[in-house]
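The values are calculated or read from the model by the stated rules, or taken from the named source; none is laboratory data. Note that the structure is predicted; figures quoted are calculated from it, not measured. In this analysis, Cβ positions are derived from the backbone assuming ideal geometry, glycine residues included, and neighbour counts consider all displayed protein chains. For accessibility, only protein heavy atoms count, side chains too; no ligands or nucleic acids. Shrake-Rupley method; radii C 1.70, N 1.55, O 1.52, S 1.80 Å.
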Amino acid sequence: MIKVKEVLKKNTMLIALVVVTIIFAISTNGILLVPGNVTNLISQNGYVVVLAVGMLMCILTGGNIDLSVGSVVALVGALAGKLIVTKGLNIWLSIALCLIAGILIGVWQGFWIAYIRIPAFIVTLAGMLLWRGVALIILDGLTISPFPENYLNLFNSYIPDVFNGTSLNITCILIGVVISLIYIIIQSMSYINKTKKGYQTEKLYIIILKAVLICSIIITLSITLARHKGIPMTLVIIGVIVIVYAYITSKTVAGRHLYAVGGNEKAAKLSGINTNKVLFMSYVNMAFLSAIAALMCVARFNSAAPTAGTNYEMDAIGSCYIGGASAYGGAGSVPGVVIGAVFMGILNNGMSIRGIDSNVQKAIKGLVLLAAIAFDVISKYRAKNA
Amino acid sequence: MAKLLLEMKKITKTFPGVKALDNVNLQVEEGEIHAIVGENGAGKSTLMKVLSGVHPYGSYEGKILYEEEECKFNEIRDSESKGIVIIHQELALVPYMSIGENMFLGNERGSKLSISWEETYNQASKILKTVGLNESSRTLIKDIGVGKQQLVEVAKALAKNVKLLILDEPTASLNETDSKKLLDLLLQFKKEGMTSIIISHKLNEISYVADKITILRDGATIETLDNKTDEVSEERIINGMVGRALTDRFPKREGVKIGETSLEIIDWNVDHPLYSGRKVVKNVSLHIKKGEVIGVAGLMGAGRTELALSIFGKSYGTNIKGKLLIHGEEIKLNNVKQAIDKKIAYITEDRKGDGLILSNPIRINTTLAKMDKVSERGVIDMDQEVLAAKEYKNKLNIKATSVEQDVDNLSGGNQQKVLLSKWMFTDPDIMILDEPTRGIDVGAKYEIYCIINDLVAQGKSIILLSSELPEVIGMCDRIYIMNEGQMVGEVMKKDATQEYIMGQILKSGKGV
């Protein structure tokens with residue numbers, strides 16, 4: 001019984017996500033989980049996941065947030081529009097230039113934050129105004145569209161079905177099965193390896209239970225997507241980003257340093273960690289991911305608008321905190337943030353399907369954000385005092 | 001015999017795992033200055049926290065009688081309303097507020113919705129005169145020195161109509177002149193009928209001001225001496241405080257061969273990081289050999305920590321000058337990473353603030369300073385990491401459920417051991433231990449001394465920075481004496497006595 005309680009406590013947000021999904025699935029008469037809508041959910045919220053992963057790195061370093069994210073999205077989007085549509089430059093070259101622009105913005109902000117030690121809140125607040133202004137200057141206040149087909153296809157297309165299935169995309173299902181198999185192989189290899197070396201492992205039934213749960217989610221998702229048009233490119237992009245950053249944060253020295261700086265900067269410094277560099281890199285990374293998000297967004301809207309990206313920083317920050325990141329830094333995980341982003345996405349999408357007035361939606365979102373975090377904080381507080 | 005103002009009867013206070021106070025009795029007469037002495041961790045501060053209501057009624061056992069009635073304080077406010085005011089060791093002043101504002105903080109003049117600044121500053125100025133502080137009550141706290149800030153604390157207490165003033169090591173951060181001034185002020189208050197309790201380590205100060213002296217050891221009262229009638233000598237107080245011959249407290253170290261010089265610094269100078277030109281460390285030279293434990297003794301603010309940090313990859317100060325030789329070779333260490341690579345470890349005095357990541361488990365804290373030992377090309381081998389953490393947990397006998405336990409939940413002694421394992425994990429040759437036994441109980445202290453002995457037996461060099469003289473004398477082969485940023489003496493273990501070391505410090509202080 002105690003075990004069950006512990007598992008519940010550790011996964012409060014995951015449970016909340018499942019509950020919200022079920023509520024909306026029922027109240028929308030199942031429309032929420034229709035294949036077409038699931039695909040829609042992914043392409044609508046892809047940018048949030050990308051931004052939230054970057055934001056997590058900033059929050060980890062000590063609860064700092066990057067407010068300039070939305071404006072950077074607008075600026076890089078404007079640059080993409082100018083290069084690809086107006087100048088007609090090669091799309092690969094344009095994409096490279098846009099990503100470099102993102103990195104340069106990050107270098108600028110990171111320099112003031114990490115080396116001059118101006119609080120991140122202030123530097124990125126200034127950035128929020130500055131980059132929005134530059135975006136407006138580049139676009140001259142106008143919207144650029146449409147983007148060429150070959151650019152849009154990069155982001156908006158689906159992985160083609162090599163088997164030409166009629167109602168089902170067979171490649172999509174195959175990929176789901178392959179990913180599940182890879183997961184199972186990695187897990188069992190590490191289990192065998194550990195037992196061979198005599199290291200402690202988790203109980204076998206827990207590992208199997210986890211594997212069954214994760215594989216069934218992957219396969220259900222792949223079948224759902226197969227019934228529509230297959231795997232959207234957006235999912236591929238966010239999948240790669242999530243896996244790479246989950247790996248960095250949990251398995252590498254660089255990731256460990258990120259947590260250490262957030263947990264106790266002085267101790268980190270006296271342990272030989274270059275804390276300035278860690279701080280600097282997390283803001284460079286944030287701007288880089290903002291540039292990727294910008295490229296995704298211009299493709300989805302098929303236009304580069306000066307007002308693009310408004311309030312995107314709030315979506316990213318919200319996802320991080322809902323996903324269990326600590327407002328003081330040093331705690332949080334990439335999988336948690338993905339859960340947070342999906343939670344926000346389902347909330348938005350579910351309310352839209354039900355036709356709730358958009359003003360009311362905003363108010364509800366605010367309340368849900370507070371409730372989710374209060375729930376988390378209180379349950380942890382109880383656990384500590386138990 | 002004068003009337004008793006305060007009587008604390010059979011006070012017992014337990015923290016999880018530690019009995020901080022065990023049947024402590026304290027009687028304070030009206031109009032006297034009562035000193036409480038004891039080693040670090042003897043329970044002095046805890047006793048005062050019980051008295052002032054920081055530890056509320058019900059969290060301890062025993063009775064407090066004040067002005068002949070029983071008191072049940074739930075918070076500091078309750079004890080202050082009775083005229084019991086405590087001045088803590090760490091000053092509790094807001095730097096960007098004026099003296100007057102600080103004095104009446106939480107006790108504002110005028111009505112709740114409209115503070116009367118005129119009354120505030122007028123009253124503040126009057127009280128400042130009585131404590132002999134020649135500053136405007138509108139001066140900001142950050143603009144006055146520590147000595148004057150201490151006087152502001154006293155003035156703040158007076159503003160609360162204090163009857164019983166408690167000072168917790170009031171002179172710890174003051175220089176000789178400021179200390180004398182403060183003590184004279186206490187004597188003057190005594191003449192005016194005020195009662196005070198003073199907690200101090202400085203025996204000469206106590207014999208100067210105190211009427212009675214209560215000695216605490218390991219959470220229990222040993223005896224109360226009367227300065228007038230009893231034969232009060234420093235030996236008697238020290239014996240009471242320490243309770244046993246000095247030799248038992250420190251494990252014997254035998255057969256350790258002292259080898260070649262491992263680290264040497266020559267003419268080391270460090271400036272204050274903010275005020276360049278103000279020297280914090282002046283022309284310091286020292287050396288240490290393999291298998292040797294050297295001590296650096298000195299009062300708070302002597303510059304020991306600053307010296308250590310400046311050696312440890314320039315982690316403190318600016319304009320660092322001097323030669324640093326490791327194994328006879330002159331080198332420069334520009335950052336902590338280089339210092340760790342040259343096998344130097346600095347174990348901080350502030351384990352919670354600067355040493356450990358409290359929210360992280362033992363495992364992560366253990367490996368943090370030398371991640372390359374458990375990683376390959378930047379990827380961590382978690383299994384190897386767990387093994388390493390377990391190895392040190394067993395070696396140092398760290399009491400925790402597993403290496404995945406957050407260090408937050410460990411006792412002070414065990415946290416200190418985690419900090420030690422973190423630095424032992426870096427395989428250092430030279431370890432600088434800064435107050436390694438501060439705030440931990442006697443048993444854990446002994447264990448840490450044993451660890452130190454094991455380390456030197458492996459040929460490592462240990463530099464022990466400590467303000468506890470018995471510890472320095474008991475553990476070190478050789479002792480440097482530091483005061484006001486300078487080395488003022490060096491003494492071998494066999495010649496070292498507390499009196500000699502204190503004497504050297506005081507002598508050097510007077511010359512300045």
Which residues, if any, in region A:240-255 have at least 10 Å² less accessible area in the whole protein complex than in the isolated chain, probe 1.4 Å? A:Tyr247, A:Ser250, A:Lys251, A:Thr252, A:Val253
Using the membrane-span-like helix rule (whole DSSP H runs, Cα extent along the own axis of at least 24 Å, mean Kyte-Doolittle hydropathy at least -0.5), which helices of chain A qualify? A:35-60, A:91-110, A:120-139, A:170-197, A:204-226, A:233-251, A:275-301, A:334-353, A:358-385
Taking just the alpha carbons, could you work out the radius of gyration and Dmax for region B:4-244, both in angstroms? 18.0, 59
Who wins for biggest fluctuation among A:Ser326, A:Ser290, A:Ser180 in a Gaussian network model of chain A, springs between alpha carbons below 10 Å? A:Ser180
Cα→Cβ-extended label distance, 7 Å offset, between B:Lys191 and A:Gln44, nm: 8.3
At 1.4 Å probe size, with no ligands or nucleic acids counted, give the accessible surface of A:Ile185 in Å², nearest ten. 100
Once you put a point 7 Å from the Cα of B:Arg236 and another 7 Å from the Cα of B:Ser116, both along the Cβ direction, what distance in nm separates them? 5.1
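Please compute the length gained on full extension between B:Ser136 and B:Lys9, using 0.36 nm multiplied by the number of residues separating them and subtracting their Cα-Cα distance. Can you show the working numbers first?
Values: separation 127, 0.36 × 127 = 45.72 nm, distance 4.31 nm.
In short, 41.4 nm is gained.
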In region A:260-298, which residues give up 10 Å² or more of accessible area once the other protein chains are added, compared with their chain alone (1.4 Å probe)? A:Ala260, A:Gly263, A:Asn264, A:Lys266, A:Ala267, A:Lys269, A:Leu270, A:Ser271, A:Gly272, A:Ile273
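Taking the radius of gyration and the Kirkwood hydrodynamic radius from Cα positions alone, what is the Rg/Rh ratio for the protein assembly as shown, to two decimal places?
Details: Rg = 32.8 Å, Rh = 31.9 Å.
Answer for the protein assembly as shown: 1.03.
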MRE, 222 nm, helices only [DSSP H, n ≥ 4, -39500 (n - 2.57), over the protein assembly as shown, to nearest 500]: -16000 deg cm²/dmol
Per residue, how much accessible area does the protein assembly as shown show when a 1.4 Å probe rolls over the protein heavy atoms, in square angstrom? 47
Accessible-area value, B:Arg351, 1.4 Å probe, nucleic acids and ligands omitted, Å²: 30
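Carbon and sulfur: what percent of the protein assembly as shown's accessible surface (1.4 Å probe)? Walk me through the intermediate numbers first.
Numbers: 24530 of 41820 Å².
About 59 percent, which is the carbon plus sulfur part of the accessible surface.
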What figure, in Å² to the nearest 10, do you get for the accessible area of B:Glu490 with a 1.4 Å probe and non-protein molecules left out? 90
Give me the summed buried accessible area for the B-A pair, 1.4 Å probe, to the nearest 100 Å². 2000
On a C-alpha basis, how far is the centre of region B:144-184 from the centre of region B:372-438 in Å? Whole number, if you could? 41
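Heavy atoms only, 1.4 Å probe, whole protein assembly: order B:Glu254, A:Glu265 by accessible area, highest first. Mind dumping the intermediate values first?
Numbers: B:Glu254 145, A:Glu265 65 Å².
Result of the area sort, largest leading: B:Glu254, A:Glu265.
Accessible area, 1.4 Å probe, largest first: how do A:Trp112, A:Trp92, A:Trp131 sort? Kindly include the intermediate steps, with their values, before the conclusion.
Working: A:Trp112 80, A:Trp92 155, A:Trp131 30 Å².
Listed by decreasing accessible area, they come as A:Trp92, A:Trp112, A:Trp131.
Can you tell me the FRET efficiency between B:Glu69 and B:Asp267 if r is taken as the Cβ-Cβ distance and R0 is 51 Å, rounded to the nearest 0.05? Before the final figure, lay out the partial values.
Details: r = 63 Å, r/R0 = 1.24.
Between B:Glu69 and B:Asp267 the formula returns 0.20.
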Computed E for B:Met492/B:Glu404 - FRET, C-beta separation, R0 41 angstrom, nearest 0.05: 0.35
How many nm separate the modelled label positions at A:Ile31 and A:Lys266, each set 7 Å beyond the Cα in the direction of the Cβ? 5.7
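Taking R0 as 56 Å, what's the FRET efficiency between A:Asn150 and B:Glu90 from their Cβ-Cβ distance, rounded to 0.05? Show your work: numbers first, answer last.
Values: r = 67 Å, r/R0 = 1.19.
Given R0 = 56 Å and the Cβ-Cβ separation, E is 0.25.
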